[in-house]
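Below: one structure, written as structure tokens.
The values are calculated or read from the model by the stated rules, or taken from the named source; none is laboratory data. Since this is a predicted model, take the numbers as computed values, not measurements. Note: ideal-geometry Cβ built from the backbone for every residue, glycine included; neighbour counts use all protein chains shown.
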Amino acid sequence: MVAKILLPAAALFAVTWAVSPAAAGDTLAQIKSRGTLRCGVSQGIAGFSTKDASGHWSGLEVDFCRAVAAAVFGSAEKTTFVPLRASERFPALKSGSIDLLARSTVWTLSREAGLKVQFPGILYYDSQGFMVPAADGVKSVAQLNGATICVEKGTTQEHNLTDHFATQGLTVRPLVIDSATEVADALFSGRCKAYTSDVSQLAVARLRAPARQTFDILPERISKEPLGPVVRSGDDDWLTLVRWVLFALIAAEEHGITRDNVRAIRETTRDPALRRALGADGGFGPMLGTDQNWALYAVESVGNYGEMFERNLGVHSPLHLERGLNRLWTQGGLMYAPPVR
């Protein structure tokens, strides 16, 4: 008998991880039957997943969810966003109450092997850092020896923090708090000496610092934090579809394909691989269980990877984050897609 969990009541995500999703291994069929993709996102991380006063969701991870929905349905609007705390995200995925997790989640061995989940790819290359009040004059992590440092519950940052300080022969007093917003508020109110998290989240938190308070992000980085979408283990077909939607968005940028020109390129390109990828000649849709225009729909719904990045995190966003490692491999970054052929 399958446990039924109503959305979006967060309290109901505290289920045991022995609960199995309905008909594991047939996620795509369930999504099509339901008529919507249920995507787990954050409760509000600017640039990644936030909801405005009118109820509209935006962010890099939100855009990725919409791209997957577009590949499945031909419409990005058939997406239901489920806001989750960090500690709720894996129970929600494992129980089957969401189909896809896109909530600033770091790809680690213990998560794949221990939690029995899979990461289709890397959506954003991040790293862990520290933010401190500028008035304190702290310039290096070593100066935080013995300090109370705020960190969000249920994240890899908890372990990275204690591991780094132990390795350096330093001591630390972690103050573990339930949500990113509450962690930032604890720093702003002076409950801790520093806030440690992914650098992207520190930049987000700094935007809402109280007036007349300034905060510095220290230059040191203590870990690699590859963020990616997550699916349940046991359904290779769904894993493959989500993975290749990500690759299609990256490949589109490499080939100069944008939201505005994707249909024109589909009709005019002589490149056989592009014609197949965009559904002009046959296409790969049947292999993925979708329409042959799956990649066209994905790009047309949210743009290529570069468009998504700049709109949500880069020059066209309040964060103004540099792309850095998230540049294409041809531009000195790590974003690389296998050939669509």
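So, in the range 278-293, of the ones that are in a helix (DSSP H, G or I) and surrounded by 15 or more Cβ atoms within 10 Å (Cβ to Cβ), which residue ends up modelled with the lowest pLDDT? Among those that are in a helix (DSSP H, G or I) and surrounded by 15 or more Cβ atoms within 10 Å (Cβ to Cβ), it is G285. For the range 143-162, the set of residues classified as outside any helix (DSSP H, G or I), under 19 Å from E88 (Cα atoms) and of a type outside the set (K, R) consists of V151, E152, G154, T155, listed by residue number.
Restricting the range 35-46 to residues that are surrounded by 14 or more Cβ atoms within 10 Å (Cβ to Cβ) and modelled with pLDDT of 95 or more, which is nearest to the chain's Cα centre (by Cα)? Only one residue tops the list, namely V41. Counting only residues that are on the phi > 0 side of the Ramachandran plot and in a strand (DSSP E or B), the range 294-330 holds 0 of them. A search for C-beta distances below 8 Å between a residue of the range 20-34 that is at pLDDT 65 or above and surrounded by 13 or more Cβ atoms within 10 Å (Cβ to Cβ) and any residue that is in a helix (DSSP H, G or I) and among the aliphatic types (A, V, I, L, M), counting only pairs 6+ apart in sequence or on different chains, returns L28/V72; L28/L241; I31/V72; K32/V72.
Can you tell me which residues in the range 163-191 are in a helix (DSSP H, G or I), among the β-branched types (V, I, T) and within 24 Å of the chain's Cα centre (by Cα)?
Once the filter is applied, which keeps residues that are in a helix (DSSP H, G or I), among the β-branched types (V, I, T) and within 24 Å of the chain's Cα centre (by Cα), the range 163-191 yields T181, V183.
For residues in the range 306-341 being basic (K, R) and out of contact with any strand residue (DSSP E or B) (no Cβ under 7 Å at 6 or more places or on another chain), which is farthest from A46 (Cα to Cα)? The qualifying residue farthest from A46 (Cα to Cα) is R341. Remark: P286 matches the filter, which requires a residue to be of a type outside the set (A, V, I, L, M), assigned by TED's automatic domain parsing to the domain that holds L325 and free of Cβ contacts under 8 Å to residues at least 24 places away in the same chain. Being farther than 23 Å from A186 by Cα, under 16 Å from the mean Cα position of the chain (by Cα) and surrounded by 23 or more Cβ atoms within 10 Å (Cβ to Cβ) is the filter here, so list the residues in the range 93-123 that pass it. Those that are farther than 23 Å from A186 by Cα, under 16 Å from the mean Cα position of the chain (by Cα) and surrounded by 23 or more Cβ atoms within 10 Å (Cβ to Cβ): L93, I98, D99, L100, L101, A102, L123.
A count restricted to the range 233-277 and to residues that are among the hydroxyl-bearing types (S, T, Y) and part of a helix (DSSP H, G or I) stands at 2. Residues in the range 77-126 that are of a type in the set (S, T, Y) and in a strand (DSSP E or B): T79, T80, Y124, Y125. Filtered by the rule that a residue be out of contact with any helix residue (DSSP H, G or I) (no Cβ under 6 Å at 6 or more places or on another chain) and assigned to a helix (DSSP H, G or I), the range 32-71 gives K32, S33, R34, E61, V62, F64, C65, A69. Of all residues in the range 96-110, those satisfying the criterion of being touching a Ser or Thr at 6+ places or on another chain (Cβ under 8 Å) and either at negative phi or not assigned by TED's automatic domain parsing to the domain that holds I45 (or both) are D99, A102, R103, V106, T108.
How many residues does the range 78-92 hold that are under 14 Å from the mean Cα position of the chain (by Cα), farther than 19 Å from K32 by Cβ and either of a type in the set (G, A, S) or crowded, with 21+ Cβ neighbours inside 10 Å (or both)?
Kept after step one, since they are under 14 Å from the mean Cα position of the chain (by Cα), are these residues of the range 78-92: 81-86, 89-90.
Applying the additional criterion that residues be farther than 19 Å from K32 by Cβ yields 83-86, 89-90.
With the extra rule that they be either of a type in the set (G, A, S) or crowded, with 21+ Cβ neighbours inside 10 Å (or both), the set shrinks to 84, 86, 89-90.
Total satisfying the criteria: 4.
Residues that are surrounded by fewer than 21 Cβ atoms within 10 Å (Cβ to Cβ) and β-branched (V, I, T) within the range 211-249 comprise T214, I217, I222, T240, listed in sequence order. Scanning the range 130-159 for residues that are within 18 Å of the chain's Cα centre (by Cα) and buried (at least 18 other Cβ atoms within 10 Å of the Cβ) returns E152, T155, T156, Q157. Of the residues making up the range 98-134, those that are closer than 29 Å to G332 by Cα, touching a residue at least 40 places away in the same chain (Cβ under 8 Å) and aliphatic (A, V, I, L, M) are L101, A102, V106, I122, L123, M131.
Can you say whether A264 is of a type in the set (G, A, S), in contact (Cβ under 8 Å) with a residue 24 or more places away in the chain and out of contact with any strand residue (DSSP E or B) (no Cβ under 6 Å at 6 or more places or on another chain), as far as the supplied structure shows? Spelling it out, it is not the case that A264 is of a type in the set (G, A, S), in contact (Cβ under 8 Å) with a residue 24 or more places away in the chain and out of contact with any strand residue (DSSP E or B) (no Cβ under 6 Å at 6 or more places or on another chain). In this structure, G333 qualifies as at pLDDT 95 or above, part of a loop (DSSP other than H, G, I, E, B) and either under 19 Å from the mean Cα position of the chain (by Cα) or surrounded by 20 or more Cβ atoms within 10 Å (Cβ to Cβ) (or both).
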